[in-house]
Amino acid sequence: MIKEISGVEIELVKGDIANQPDITAIVNAANARLQAGGGVAGAIHRAAGPGLEEECRKYAPIEPGQAVITGGHNLPNRYVIHTLGPVYGVDKPEEKLLADCYRNSFRLAEENDVESIAFPAISTGYFRYPLEQATAVAMRTVLEMIPELKKVKKIRFVLFSDSDLVVYEAELARLTSG
Ligand code: ADP
């Protein structure tokens, strides 16, 4: 599904966040230490190679809601933006912290002239944020940010399963209808 809002394209796809070669910056659902681990971070670090962990070392640790930007190393993307989502039920207030992940990622994207950015569903894996709730926060925050974006022209959400994609599609349709 693709929607254009105020000149910015929002695209929802099923896929692997570490395999988005046409995107300038991919967002990593990072851990506080900015190391490889599992899930999104594992996939990104595997594809990027050890240089990424090396570059990340000087920024770690980060707090929930924060974001930092590095090079893409062996990835096809110029940048990786690493953000730490809230652990559901632990880091509070979780809605604000999750929204901060998206806001701070966009801030770094704008500062670095990023034209296209791809997000995974931050916090919805190991951090157990219920997907429907996380989707609502992600979508709402993105729609709020769009009027402020000057550089970013394309926002892609990369979902890992068909069922996650359906939830995102329903939310985008709901928020942009009428
Ligand atoms: P967090 O620790 O922030 O919860 P995870 O990496 O555990 O982050 O998962 C975040 C979401 O990304 C989950 O919905 C998970 O299914 C999904 N996911 C896992 N691997 C990938 C990948 N390679 N590409 C895109 N999404 C992925």
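Roughly how many Å is it from the Cα centre of the stretch 43-101 to that of the stretch 131-160, as a whole number?
Here the two parts' Cα centres lie 17 Å apart.
Give the order of S6, S116 when sorted by the count of other beta carbons within 10 angstrom, beginning with the fewest.
Ranking S6, S116 by Cβ neighbours within 10 Å, fewest first, gives S6, S116.
Note the full-extension length gain between A32 and E169 as 0.36 nm times their separation in residues minus their Cα-Cα distance, in nm to one decimal.
46.3 nm
Just add up the charged neighbours of M1: K/R +1, D/E -1, any other residue whose Cβ is under 15 Å from the Cβ of M1.
-2
Are there any helices in the chain, counted as whole DSSP H runs, that stretch 20 Å or more along their axis by Cα and score at least 0.0 on average by Kyte-Doolittle, and if so which?
The qualifying helices are 131-145, 162-176.
Kirkwood hydrodynamic radius (Cα pairs, Å) of the chain?
15.9 Å
Where does the Debye-calculated log10 I(q)/I(0) of the stretch 67-137 sit at q = 0.11 Å⁻¹, using only Cα point scatterers of equal weight, no solvent?
Relative scattering, expressed as log10 I(q)/I(0), comes to -0.28.
Kirkwood hydrodynamic radius, the stretch 91-177, all distinct C-alpha pairs: what's the number in Å?
Here the Kirkwood hydrodynamic radius works out to 13.4 Å.
Grab the Cα-Cα distance for V13 and K151, subtract it from 0.36 nm times how many residues apart they are, and report the gain in nm with one decimal.
Length gained between V13 and K151: 47.5 nm.
Under a point spin-label approximation (7 Å from Cα along Cα-to-Cβ), what is the K96-E63 distance to one decimal in nm?
1.1 nm
Where nothing but the Cβ of Lys and Arg (+1) and of Asp and Glu (-1) is charged, how large is the charge dipole of the chain around its Cα centre, in debye to the nearest 20?
Once rounded to the nearest 20, the dipole reads 200 debye.
What ranking do H73, H82 get, fewest neighbouring Cβ atoms within 10 angstrom at the top?
H73, H82
Among the DSSP beta bridges whose two residues both lie in the stretch 2-176, what percent are antiparallel, rounded to the nearest 5?
DSSP beta bridges in the stretch 2-176 are roughly 35 percent antiparallel.
Let me have the 222 nm mean residue ellipticity of the chain computed from DSSP H runs of 4+ only, each contributing -39500 (n - 2.57), with the sum over all residues rounded to the nearest 500.
When only DSSP H runs of four or more count, the value is -11500 deg cm²/dmol.
Every read-out reported here was derived from the displayed coordinates using simple, explicitly stated rules and does not represent laboratory data. Computed from a predicted structure; not experimentally measured. Reconstructed Cβ throughout: ideal geometry from the backbone, glycine too, with neighbour counts over all protein chains shown.
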